[in-house]
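Step one of this worksheet: look at the structure below.
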């Protein structure tokens with residue numbers, strides 16, 4: 001079996017979250033024993049002075065025996081941040097990216113309400 005065929009077989013379900021210069025990929029994958037696990041990949045775009053760019057990627061693997069504890073701690077940490085800093089507070093450093101993402105999300109939601117079909121315009125340079 002070719003390597004590309006293995007990669008396609010491995011990936012079961014995927015979601016993408018675009019967050020400014022960062023993109024998060026959530027993937028359900030299968031082991032050789034056909035057991036499922038999750039990978040979460042953060043990809044961040046860096047632009048050089050000459051206009052060229054590269055991506056730095058960081059990946060975590062989350063196995064189902066850790067789901068409950070991971071979810072509980074993630075919920076606790078997000079609640080802590082929101083309770084101590086509030087949802088509306090975004091650091092100056094992230095304001096520009098937040099406004100861009102919020103505007104995109106709002107347009108997408110309005111399209112759903114009016115019955116206009118939604119699609120994602122993906123620029124593969126961003127992935």
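The values are calculated or read from the model by the stated rules, or taken from the named source; none is laboratory data. This one's a predicted model, so the numbers in the text were calculated from it and none came from an experiment. Because the Cβ atoms are built from the backbone with ideal geometry, glycine has one as well, and the counts that use them run over all protein chains shown.
List of remarks:
- Counting only residues that are over 13 Å from the mean Cα position of the chain (by Cα), in a strand (DSSP E or B) and closer than 15 Å to residue 13 by Cα, segment 29-62 holds 6 of them.
Condition check ((1) over 18 Å from residue 24 (Cβ atoms); (2) outside any helix (DSSP H, G or I); (3) at pLDDT 55 or above) across all residues:
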| site | (1), (2), (3) |
| --- | --- |
| 65 | yes, no, yes |
| 77 | no, no, yes |
| 97 | no, no, yes |
| 117 | yes, yes, no |
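- Verdict on residue 112 being modelled with pLDDT under 75 and within 20 Å of the chain's Cα centre (by Cα): no
- Only one of the numbered conditions (1) modelled with pLDDT under 95; (2) outside any helix (DSSP H, G or I) is not met by residue 81, and that is (2).
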